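The values are calculated or read from the model by the stated rules, or taken from the named source; none is laboratory data. Because the structure is predicted, anything quoted here is derived from the model rather than measured. When we count neighbours, we look across all protein chains shown, and the Cβ atoms used for this are built from the backbone with ideal geometry, even at glycine.
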Amino acid sequence: MSKLIAVVMVGSLAFAAVRSSLSAAEYNTAVKQTPLMSWTGKPKPPSLAQTDPTAVAQEVDKLLVEDLAAADDSDKVMKFDRRAPDEVFLRRIYLDFIGRNPTPDEVTAFVLDQSSNKRGKVIDRLLDDPRFGENWARYWRDVIMYHRSDDRAQLAAPALNEYLTEQFNKNAPWDGIVRSFITATGDVRENGATGLIMAQNGNAADITSEVSRIFMGVQIQCANCHDHKTDRWKREQFHQLAAFFPRIAVKPVKEDDKRSFEVIGNDRPFKINNPKLANRPVGSPEHFMPDLKHPETDGTKMQPVFFLTGQRLAYGTSDAERRDSIAKWITSPADEWFAKAFVNRVWAELVGEGFYEPIDDIGPDRTCIAPKTSDCLAHEFVDSNFDVKRVYRIIAATEAYQRDSRTRRSPNDMPFAANCPERLRGDEVYDALVAALGMNDSLPGVRLSEAMGGKGGKGAALLRSPRNQFDQVFGFDPSTPRDEVTGSIPQALLLMNGPQINRAINGNRPGTELGQLLASTNDNESVATELYLRCLGREPNKAELQTCIAHVKNSQTRAAGFEDILWALINSTEFLQRK
């Protein structure tokens, strides 16, 4: 029996077991098409889970060429950009992995290193750096929090950030992290896994939309009010998924020393006296699909059914069992979209373009740019038991990642011919400024709990810290297509006139980095080179160096000349992007 036939038979038997427990009417109501089980019957490639990541990266590059050749119906030769120079690669990998520029000493040491595996060594070293977890925790915090339904959810952000930092640094499996988000209970300031539920204020429909979008890349939220216009998802399927989450409640925690919220599972039956509250957002025993023609009625009571497989639970099932079941079904190795959603995001963040675009809108009705490459990485992710760092290690070792960068392609250009520049997130802009200017990163801020009347404490969100200010101005939803992320007037004004930046850029103050640098050397070329290394991770070219020296010579004072140069560097497009 061939592997393809075996896979199809296994998928069919699994589906038959689910189907046999339903009547025809129940099935037609619950699942309007064949469930998407077992990777939709595709033959599974040989497992690479025990293979060295570099060898897997070579296989990925090979499959990518095959995918692009298959998609190109012309006879033109595929042309890829050259490998990025060492300085470009080093700054790219530092920003991608730990969210900051390399130091001048790190740049010099890397460029002078003649070993053939120096790029692999820096990849491994940065994956083991505690700042790796911190950087990617901030990324996923933004993924979750940018779609929040209530700004009070920001109270959960510090604990969410701390939790994810710990999970990524110890390389916890992704399926376990996701299950913890779906099943979380407790104080949102103490259990970071409650962040997703808190971000949606316990609303079953909103939680449904975000769980599907973030963890499976399927935007089923369009089916909340009507059958999806461009996908196969039906309105009943959305509300059957929402039926896993109605018993969640988010309630205030009022204690003398703090203000917080708590996520609970509410299994107590109760009667709703006001018909308008039949679809109340939190703590209802069952979920009801609203009747759009008669919104004053209760609507249709929905049984919990997972739209990808038809797996279901009985009415009356407890909150814990509902959420535990759907968490296991979503993160099952049989759910191809769970694995593909993660590798598609990581690939897009590192290479600059996803296999699917937008990165949170994939699924069976979307076109994949490189299907064999996507399948290979997704299967590898599953076979490695959802090893997060292994995915980063493989992608960073590919030629696709290590190519030189160029501006985003037009629709007629070949995908993945070069790496694409990425605009830095708010946290990364702030860290780059701290490193380049030596800004004080320990200034206090006003805590959210204090603003709510409490006394602050562990996990309280900083409202007006310098980092928070930069994140508010420079931050963006990481799920947004990168060609839609642009600069703004507030960003330009903050970089041009920000008081903290103006203090740090003063070359006459002995306490600033520039002041110390000018005091320690009279060689203007050395100072200019140091500033370029700090800000851009590279030395100035000959023309840039000549321009800098001429400007300093024509300035009123030496300090004023270098202040202008430093100001110009941190306001440059190159500083605000990673190439």
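Within region 539-568, restricting attention to residues that are crowded, with 21+ Cβ neighbours inside 10 Å and out of contact with any Gly (no Cβ under 6 Å at 6 or more places or on another chain), the residue that is nearest to Met439 (Cα to Cα) is Leu566.
Within region 384-428, which residues are assigned to a helix (DSSP H, G or I), touching a residue at least 60 places away in the same chain (Cβ under 8 Å) and among the hydrophobic types (A, V, I, L, M, F, W, C)? Within region 384-428, Val388, Ile394, Ile395, Ala396, Ala400 meet the criteria. The lone criterion from (1) farther than 25 Å from Asp387 by Cα; (2) crowded, with 19+ Cβ neighbours inside 10 Å; (3) among the charged types (D, E, K, R) left unmet by Asp335 is number (1).
Going residue by residue through region 391-400, is there one that turns out to be at pLDDT 95 or above and more than 21 Å from the chain's Cα centre (by Cα)? Yes, region 391-400 contains a residue that is at pLDDT 95 or above and more than 21 Å from the chain's Cα centre (by Cα). Residues in region 392-413 that are within 30 Å of Asp52 (Cβ to Cβ) and among the polar types (S, T, N, Q): 3 in all.
Which of the residues spanning region 83-119 are assigned to a loop (DSSP other than H, G, I, E, B), over 26 Å from the mean Cα position of the chain (by Cα) and of a type in the set (S, T, N, Q)? Answer for region 83-119, where residues must be assigned to a loop (DSSP other than H, G, I, E, B), over 26 Å from the mean Cα position of the chain (by Cα) and of a type in the set (S, T, N, Q): Gln114, Ser115, Ser116, Asn117. Considering region 102-147, the residues that are acidic (Asp, Glu) and touching a residue at least 24 places away in the same chain (Cβ under 8 Å) include one that is nearest to Ala432 (Cα to Cα), namely Glu134.
Taking region 216-246 as the search range and keeping residues that are modelled with pLDDT under 90 and part of a helix (DSSP H, G or I), which one is nearest to Ala341 (Cα to Cα)? In this case the residue turns out to be Gln221.
Look at (1) at pLDDT below 95; (2) assigned to a helix (DSSP H, G or I) and you find that Phe80 fails only one, number (2). For region 466-474, the criterion of being of a type outside the set (Gly, Ala, Ser) and closer than 30 Å to Asp86 by Cβ is met by at least one residue. Every condition in (1) closer than 30 Å to Glu134 by Cβ; (2) in contact with a His (Cβ under 9 Å, 6 or more places away or on another chain) is met by Ala504 except one, and the failing one is (2).
Scanning region 120-135 for residues that are farther than 11 Å from Arg393 by Cα and in a helix (DSSP H, G or I) yields a total of 6. Of the helices (runs of 4 or more DSSP H) lying entirely inside region 157-214, the ones with 2 or more residues being farther than 28 Å from Phe238 by Cα and modelled with pLDDT of 95 or more are found at 157-169. In region 383-404, of all residues being in contact with a helix residue (DSSP H, G or I) (Cβ under 7 Å, 6 or more places away or on another chain) and of a type in the set (S, T, N, Q), the one that is farthest from Phe89 (Cα to Cα) corresponds to Ser384.
Yes/no matrix, rows are residues, columns are (1) modelled with pLDDT of 80 or more; (2) within 29 Å of Gly217 (Cβ to Cβ); (3) among the hydroxyl-bearing types (Ser, Thr, Tyr):
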site	(1), (2), (3)
Pro275	no, no, no
Ser284	no, yes, yes
Gly299	yes, yes, no
Gln303	yes, yes, no
Leu308	yes, yes, no
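Of all the numbered requirements in (1) closer than 23 Å to Gly99 by Cβ; (2) buried (at least 20 other Cβ atoms within 10 Å of the Cβ), Arg408 misses one, and that requirement is (2).
Residue by residue, here is whether (1) surrounded by fewer than 18 Cβ atoms within 10 Å (Cβ to Cβ); (2) acidic (Asp, Glu) holds:
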position	(1), (2)
Asp52	yes, yes
Leu64	no, no
Leu68	no, no
Asp86	yes, yes
Asp96	no, yes
Pro102	no, no
Val107	no, no
